[in-house]
Amino acid sequence: MYDDLDRKIIHGLHCAPRASFRRLGEVIGVSEQTVARRYNALRRGGVLRVVGLSSPAAHGRAEWIARLRCRPDAAGPVAESLARRPEVGYAGIASGGSEVICLIRSASGTGRDDVLLRQLPRAASLLDTSVDLLIHTFTTPATAGWAGRERSLTDEQVRQLMAERPAPAGPPLAPTDEDLPLFAALAEDGRASHTRLAEATGWSPARVARRLEALEAAGSLAYGIDILTERLGYEFSALLWFQVDLPALHRIGEEIDRHDECAFAAATSGKHNLLAVVICKDTPDFYRYLSRRLAHIEGIRGYEISIRARRLKQSVSLIHHGRLIHPGWG
């Protein structure tokens, strides 16, 4: 069983993905050995993966959110095909098994039709599509992902960890071909030691440390924390598509992103100009969130709900038999 300490460790990793077990223990108030033991148990159990990612901005890429309405018999094959593609960062089935939702990374400036033609498989099985650009992400490292934050780190603990993770100064530094083995190793384990990364790249540990620092400082290297929230007792997940008044867009986006239930929030180019991913314990918990928190936010004119039925990919991790795995292991 996973508990409050596990959620604190997960929240700490969102704030500082490569912080040492010793530093995480100091901030949380437990021993280095306890943090290491809990983290390794989460990772071995397929509940948690820390991954290093090349920032889309460093490659001149944009991120698109796609909603694909399929024939019921085609949704599974379409979602599975998308999940295997490296340019797809999320893939899941929602809304009674007929809607596939995925995140696609593509060259900036690419038109909607071109994205569909190049990246969406089995177009003949699609009944309707909606592909919209993510134009602003509200989620910050301190609020990224989800860790049951109602019982996680305090604001002061977050501040202590974030202080050791300076904001990227940019502009993004384009990775080189020499960086490919480094990113491949970080995609497998974002917390890999400098020694392990040196083995993967053929560099010295000192060169690895310098390159990591340069990529992070330029905003070219980002980290993702993939979690199977249902294994932590939170069974309900949904995507909320909001129509909000434009003058209130930024205010509402930031407010929703601060909610404990929110795992991700972004402004989009579609008729629903704000997207939020929320995670709750169960259906009654979700109803309380809708009726008590969202209902009091002024400026929301309408919304739709896509309830997650099955998730196949999270960030770069595939979900196989209830475990997060590296794509190369599936």
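The values are calculated or read from the model by the stated rules, or taken from the named source; none is laboratory data. None of these values were measured; they are calculated from a predicted model. Every residue, glycine among them, receives a Cβ derived from its backbone with ideal geometry; neighbour counts consider all protein chains shown. Side chains included, ligands, DNA and RNA excluded: accessible areas come from the protein's heavy atoms. Shrake-Rupley method; radii C 1.70, N 1.55, O 1.52, S 1.80 Å.
Computed about the Cα centre, the dipole magnitude for the chain is approximately 520 debye when only Lys and Arg (+1) and Asp and Glu (-1) carry charge, each at its Cβ. Residue order by solvent-accessible surface for 313, 271 is 271, 313, largest first, with ligands and nucleic acids left out and a 1.4 Å probe.
Carbon and sulfur atoms: what percent of the 1.4 Å accessible area of segment 211-330 do they account for? The value for segment 211-330 is 50 percent carbon and sulfur by accessible area.
With every protein chain in place and a 1.4 angstrom probe, the accessible-area ranking of 152, 20, largest first, reads 20, 152.
Comparing Cα centroids, segment 254-319 and segment 188-230 end up 30 angstrom apart.
Electrostatic bookkeeping for residue 193 treats Lys and Arg as +1 and Asp and Glu as -1; over the other residues with beta carbon under 11 Å from its beta carbon, the sum is +1.
In terms of packing, defined here as the mean over residues of other Cβ atoms within 10 angstrom, the peptides 95-105, 35-45 line up highest first as 95-105, 35-45. Note on the chain: with a GNM built from Cα contacts shorter than 10 Å, the maximum mean-square fluctuation among 217, 265, 16 falls on 217. What value, in deg cm²/dmol to 500, does the helix sum -39500 (n - 2.57) over DSSP H runs of n ≥ 4 give at 222 nm once divided by the residues of the chain? Rounded to the nearest 500, the figure is -9000 deg cm²/dmol.
Only protein heavy atoms count here; under a 1.4 Å probe, residue 135 has an accessible surface of about 100 Å². Over the chain, Cα pairs under 8 Å with separation of 6+ residues give a relative contact order of 25 percent. Surface calculation, 1.4 Å probe, protein heavy atoms: residue 81 sits at approximately 40 Å² accessible. Note on segment 42-93: the C-alpha convex hull projects to 5.0 nm² when averaged across all orientations. Solvent-accessible surface of the chain, taken per residue with a 1.4 Å probe and all protein chains present: 46 Å². Given segment 181-258, report the % of alpha carbon pairs whose separation exceeds 18 Å. Percentage above 18 Å: 62. Summary of packing: across the peptides 73-79, 198-204, the per-residue average of other C-beta atoms within 10 Å ranks them, highest first, as 73-79, 198-204. Accessible-area rank, largest first, for 223, 2, 289: 2, 223, 289, with all protein chains present and a 1.4 angstrom probe.
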